[in-house]
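Step one of this worksheet: look at the structure below.
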Amino acid sequence: MKFAKSLLVLTVLAGAVTAQAQIESALEVPVSADKMEMTTSKLNGGSFLRFNTGGGQSFSLKCHQGFGDTKLMVFLKGSMMSTQLSSPVENMETCVQHLSGIQEQVNAGAGKVRIEIRHDHTLGVAAIR
């Protein structure tokens, strides 16, 4: 239920702009190291960092190599709503290193992943305590 409320907050905050940081909205998703999995699939075109948040809800980050572009994708699935966000990234290697860094931070005790939707339509994703 908290996840669904957080997803609703993300939708509501989408209209608010913080000019100083150029962030349109942000969402902090509670995560746990024991419910996290990093996988790579050539069939699905990328690397995933998945978090099982419980209750039929999920949160995943994906580095996706498409035809001519590489994207960081965020998948949020709640009990009543789901959404997908994406942002271009420099290259696959840098993106996978970023996901690995988030995984390491969560393993070291970070309890949330913060997703920022920026004014220039890019995403910022980081693990926070």
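The values are calculated or read from the model by the stated rules, or taken from the named source; none is laboratory data. Note that the coordinates shown come from a computational prediction; the quantities given were computed from them, not determined experimentally. Neighbour counts run over all protein chains shown; Cβ positions are idealised from the backbone, glycine included.
Details
- Qualifying residues in the stretch 41-64 (those that are polar (S, T, N, Q) and at pLDDT 90 or above) - the one surrounded by the fewest Cβ atoms within 10 Å (Cβ to Cβ): S60
- Filter result for Q84 (of a type in the set (S, T, N, Q), out of contact with any Asp or Glu (no Cβ under 8 Å at 6 or more places or on another chain) and at pLDDT 95 or above): no
- Residues satisfying the stated conditions in the stretch 81-107, i.e. in contact with a Lys or Arg (Cβ under 9 Å, 6 or more places away or on another chain) and exposed (fewer than 14 other Cβ atoms within 10 Å of the Cβ): T83, P88
- Screening the candidates E37, E28 for the property of being under 16 Å from the mean Cα position of the chain (by Cα) and either assigned to a loop (DSSP other than H, G, I, E, B) or in contact (Cβ under 8 Å) with a residue 24 or more places away in the chain (or both) yields one hit, E28.
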